[in-house]
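The values are calculated or read from the model by the stated rules, or taken from the named source; none is laboratory data. What you are looking at is a predicted structure, and each value in this text was computed from that prediction instead of being measured. Note: ideal-geometry Cβ built from the backbone for every residue, glycine included; neighbour counts use all protein chains shown.
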């Protein structure tokens, strides 16, 4: 109703032909008036205007896309890796007979130096020899190649040594000391060799050419290994026979000259003649002792 009245009033005013003046009246020469031309609505048009529906179209409420927060997995955790090395003195009543796996007769290539390794104990991935695990990144193998090792025992040693070196990762390094009456480094030089695929292939060929002869004197091999810089993180010491009791004292003395004690993991092979001495070396160095019964047909 109010809207109708307002429309009629507005139309009436406009129909009267109002002239809007921007200046004042009187006799002065003020600005000219500005005429506003207005179309006059007919009664029919006015009725139509009144009856036209007024209102605002209802707003459309479009659904907003739902926000899905990122899913965070809180169930995961850090799983501790099994400890490598371990302690204790073990007896192993058999030899896992893994073959040398293609050692062949060698490649004729020299081993590359494993340079760039720091002086501290590393965590390169560990090693395993005759089932005995060790932790670190530099591993020395001191193995018996005396005359009593001929036959099945020597072949078993070659197989286990090849398997151990082949299992090393590339950021580890190794040295193999062969001892009998004296000692010599496999490959001819006492140096750290990086565990690259190329070097491991070369080492497997050299292992295949190992022969046995002479007496059992491991002292020179320990002297060579403990003179290396940086020192090994772990030493494997394997023998099938009895050696001089003074060797245990020599190992303890050499081991005490470094900033830290290097664990010596001792392995008696077939024969237990040196068990007491091996246990002593292992205990003095926080290493381990393990007895391997050996392959069938091997004589003590």
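Brief remarks on what is shown
- Of the residues making up segment 127-138, those that are in contact with a helix residue (DSSP H, G or I) (Cβ under 8 Å, 6 or more places away or on another chain) and either under 13 Å from residue 228 (Cβ atoms) or in a loop (DSSP other than H, G, I, E, B) (or both) number 1.
- Those residues of segment 218-242 which are touching a strand residue (DSSP E or B) at 6+ places or on another chain (Cβ under 9 Å) and assigned to a loop (DSSP other than H, G, I, E, B), in sequence order: 218, 228, 230, 231, 232, 233, 240, 241
- Members of segment 244-272 that are in contact with a strand residue (DSSP E or B) (Cβ under 9 Å, 6 or more places away or on another chain) and part of a loop (DSSP other than H, G, I, E, B): 262, 263, 270, 271, 272
- Some residue of segment 227-235 being farther than 20 Å from residue 174 by Cβ and either crowded, with 16+ Cβ neighbours inside 10 Å or touching a helix residue (DSSP H, G or I) at 6+ places or on another chain (Cβ under 8 Å) (or both): no
- Where residue 258 falls short, out of the listed (1) modelled with pLDDT of 95 or more; (2) within 30 Å of the chain's Cα centre (by Cα): (1)
- Listed by first and then second residue, the pairs with beta-carbon distance under 9 Å, at least 6 apart or on different chains, first residue in segment 273-287 and at positive phi and touching a residue at least 12 places away in the same chain (Cβ under 8 Å), second part of a loop (DSSP other than H, G, I, E, B) and surrounded by fewer than 17 Cβ atoms within 10 Å (Cβ to Cβ), are 286/87; 286/261.
- Subset tally (residues that are assigned to a loop (DSSP other than H, G, I, E, B) and modelled with pLDDT of 95 or more) for segment 189-209: 6
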